[in-house]
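Worksheet: one structure, shown below.
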Amino acid sequence: MRRRSVRCGSALLTQEPRTPIRLEAKQREKALLPFDSAKKPSWSNLPVPMVPRNGLSFGELTKPQRTAALEVVAAVLSKEGYQKVIDIMNADDQINKDKENKMKFGTEN
């Protein structure tokens, strides 16, 4: 597997990815938007019930895909930054519980 380098602030992180993120064709279509996409200006960090998200959500990933994606997040953030991401996703889950009371992110998927 190739080494990957990621710039994080002023540091350059180089590590072997433990689990590559492999997306299916339909997932790739949602996740990879052209740079000049009309969806880009409509990005928002408001809760999902207020503004729908563009792209692919963690809830649409399989467990191995989520694990791989979270490894990337952990590689580029501090422990505190990673925990903040997890806390935000968990808070979004509390807001977005569906009728069956299942979480969209987390282990119940």
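The values are calculated or read from the model by the stated rules, or taken from the named source; none is laboratory data. The structure displayed is predicted, hence computed values, not measured ones. Methodologically, a virtual Cβ is constructed for each residue, glycine included, from the backbone with ideal geometry; neighbour enumeration extends over all protein chains shown.
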Being closer than 19 Å to residue 21 by Cα, hydrophobic (A, V, I, L, M, F, W, C) and modelled with pLDDT of 80 or more, is that true of even one residue in segment 35-51? no
Conditions: (1) exposed (fewer than 11 other Cβ atoms within 10 Å of the Cβ); (2) of a type in the set (A, V, I, L, M); (3) under 17 Å from residue 71 (Cβ atoms); (4) at pLDDT 80 or above. Residue 31 meets all but one. Number of the miss? (1)
When only residues in segment 61-100 that are polar (S, T, N, Q) and either within 23 Å of residue 46 (Cβ to Cβ) or surrounded by 15 or more Cβ atoms within 10 Å (Cβ to Cβ) (or both) count, which is modelled with the lowest pLDDT? 96
For segment 58-75, pairs from a residue that is more than 17 Å from residue 26 (Cβ to Cβ) to a residue that is surrounded by 15 or more Cβ atoms within 10 Å (Cβ to Cβ) and not β-branched (Val, Ile, Thr), with Cβ under 6 Å and 6 or more apart or across chains, are 74/82
Is it true that some residue in segment 5-21 is at pLDDT below 90, part of a loop (DSSP other than H, G, I, E, B) and β-branched (Val, Ile, Thr)? yes
